[in-house]
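What follows is one structure encoded as structure tokens, with my remarks underneath.
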Amino acid sequence: MKKRGFLKGLFALVALAAFIAVSAPPAMASGTQIYRMRGKITAVDVADNTVVIDVPVAKNKIFTVAGPLATDATLKKGSRDVTLKDFHEGEWVTVKWQPTESGHLIKGLIGK
């Protein structure tokens, strides 16, 4: 009987740890991990070299990736290299980004 209670407790602890790991938003991660997501551009500011992308992550839930472009950011439409001024609100893109202490750093935008 005691073994069964211990196993239930251990299972509950493992399930809780797995839930926390899966539930944590990517922006909470540390290190140099680069994330890749698909979303719709909601704002582009060429003067400030920033972009905002809304990424649908679940029914009625949006994760917003917003921040400046990295100096080495890759910007492409199809196979051609472009600049930030070639991207517009409402456009669907794949965004590559990295979490930093001050927010998101955009490492790449890839459109059609």
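Values quoted throughout were computed directly from the atomic coordinates according to the rules given, and no laboratory measurement underlies them. The shown structure was predicted, so the numbers you read here are calculated from the model rather than taken from an experiment. Heads up, the Cβs are rebuilt from the backbone with ideal geometry, glycines too, and the neighbour counts pull from every protein chain shown.
Please compute the Kirkwood hydrodynamic radius over the stretch 30-111, one decimal place, Å, based on all pairs of different Cα atoms.
Value: 12.7 Å, from the Cα pair sum.
So if I place +1 on the C-beta of Lys and Arg and -1 on the C-beta of Asp and Glu, and nothing else carries charge, what would the dipole magnitude of the stretch 30-111 be about its Cα centre? I want it in debye, nearest 20.
It comes to approximately 440 debye.
Would you work out which of 93, 70, 108 lies farthest towards the positive end of the dipole of the stretch 48-112, given +1 charges on the beta-carbon of Lys and Arg and -1 on that of Asp and Glu, about the Cα centre?
The listed residue farthest towards the positive side: 93.
Under 5 Å between amide H atoms, partner at least 5 residues away or on a different chain: which partners does residue 82 have, H built in plane at 1.01 Å?
Amide H neighbours of residue 82, under 5 Å, 5+ apart: 75, 76, 77.
Beta carbons within 10 angstrom, averaged per residue: use that to sort the peptides 89-99, 43-53, highest first.
Ranked by mean Cβ neighbours within 10 Å, highest first: 89-99, 43-53.
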